[in-house]
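The values are calculated or read from the model by the stated rules, or taken from the named source; none is laboratory data. What you are looking at is a predicted structure, and each value in this text was computed from that prediction instead of being measured. We place every Cβ from the backbone using ideal geometry, glycine too, and count neighbours over all the protein chains shown.
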């Protein structure tokens, strides 16, 4: 695992590459600003960095990461809305053409939702309320797969949570308008880091199939 010294050395390599050998890319990004066509809503998990998994350059993706890559439903209660704010900026200001909800295997947030991660001494006061966004996914999986192994239930819940987030995306009026106008497409993807495969949700079949 990398320590702080490794990160500093990594920045120097980044600087040499993008402000030396490939300066033109950042000159363009500085002069014209960011103009990504794709937003990715991903998990905080250190193993699932969208830019690395999808092999992208700086400026290619507009990314928001949170526990379990969840999209909350649209609501205006006056609380802080980090994910909703990022979504609003991406869709209304940057006018991205695609929004990808990128789920993944071995998600700690989903494990917490299923009760496999225990919190003590007051811990979990933020994670547990946040994970209620995907409560419907847990209930559906436990009702449909009561005898399945914990691993199978977790995988099914990870994928069901992606579907919940896709539905919640459409609760935002600005997302509805752009998808209705054919200017925005929503995608549900699942990174199987155990098999090294990327799966895509097919709404017609309600299945996740390998994306080739």
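Could you run through the range 134-167 and say how many residues are surrounded by 15 or more Cβ atoms within 10 Å (Cβ to Cβ) and under 12 Å from residue 188 (Cα atoms)?
Total satisfying the criteria: 9.
When residue 10 is evaluated against the numbered criteria (1) at pLDDT 95 or above; (2) part of a loop (DSSP other than H, G, I, E, B), which criterion, by number, is the only one it fails?
That leaves (2) as the condition not met.
Name the residues in the range 161-204 that are assigned to a loop (DSSP other than H, G, I, E, B) and either within 16 Å of the chain's Cα centre (by Cα) or under 25 Å from residue 85 (Cα atoms) (or both), would you?
Result: 170, 171, 172, 181, 182, 183, 184, 193.
Within the range 107-122, can one find any residue that is in a loop (DSSP other than H, G, I, E, B) and either under 28 Å from residue 38 (Cβ atoms) or touching a strand residue (DSSP E or B) at 6+ places or on another chain (Cβ under 6 Å) (or both)?
yes
Could we say that residue 42 is within 30 Å of residue 200 (Cβ to Cβ), out of contact with any helix residue (DSSP H, G or I) (no Cβ under 7 Å at 6 or more places or on another chain) and not in a helix (DSSP H, G or I) here?
no
Could you please tell me which pairs satisfy a Cβ distance under 6 Å, a separation of 6+ or placement on different chains, a first residue in the range 22-47 that is outside the structural domain of residue 200 (by TED's automatic domain parsing) and over 22 Å from residue 189 (Cβ atoms), and a second residue that is at pLDDT below 95 and in a helix (DSSP H, G or I)?
Taking only residues 6 or more apart or on different chains, the pairs are 26/18.
Residue check: is residue 102 in contact (Cβ under 8 Å) with a residue 24 or more places away in the chain and on the phi < 0 side of the Ramachandran plot?
yes
All but one of (1) surrounded by 15 or more Cβ atoms within 10 Å (Cβ to Cβ); (2) within 19 Å of residue 211 (Cβ to Cβ); (3) under 13 Å from the mean Cα position of the chain (by Cα) hold for residue 47, so report the exception by its number.
Failed condition: (1).
Report, by residue number, each residue of the range 90-99 that is out of contact with any strand residue (DSSP E or B) (no Cβ under 8 Å at 6 or more places or on another chain) and in contact (Cβ under 8 Å) with a residue 24 or more places away in the chain.
92, 95
Quick grid of which residues meet (1) at positive phi; (2) surrounded by fewer than 16 Cβ atoms within 10 Å (Cβ to Cβ); (3) touching a helix residue (DSSP H, G or I) at 6+ places or on another chain (Cβ under 6 Å); (4) modelled with pLDDT under 95:
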{"position": "119", "(1), (2), (3), (4)": "no, yes, no, yes"}
{"position": "125", "(1), (2), (3), (4)": "no, yes, no, yes"}
{"position": "173", "(1), (2), (3), (4)": "no, yes, no, no"}
{"position": "184", "(1), (2), (3), (4)": "no, no, yes, no"}
{"position": "188", "(1), (2), (3), (4)": "no, no, yes, no"}
{"position": "210", "(1), (2), (3), (4)": "no, yes, no, no"}
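If you check residue 81 against the conditions, is it within 30 Å of residue 141 (Cα to Cα) and modelled with pLDDT under 95?
Criteria met by residue 81.
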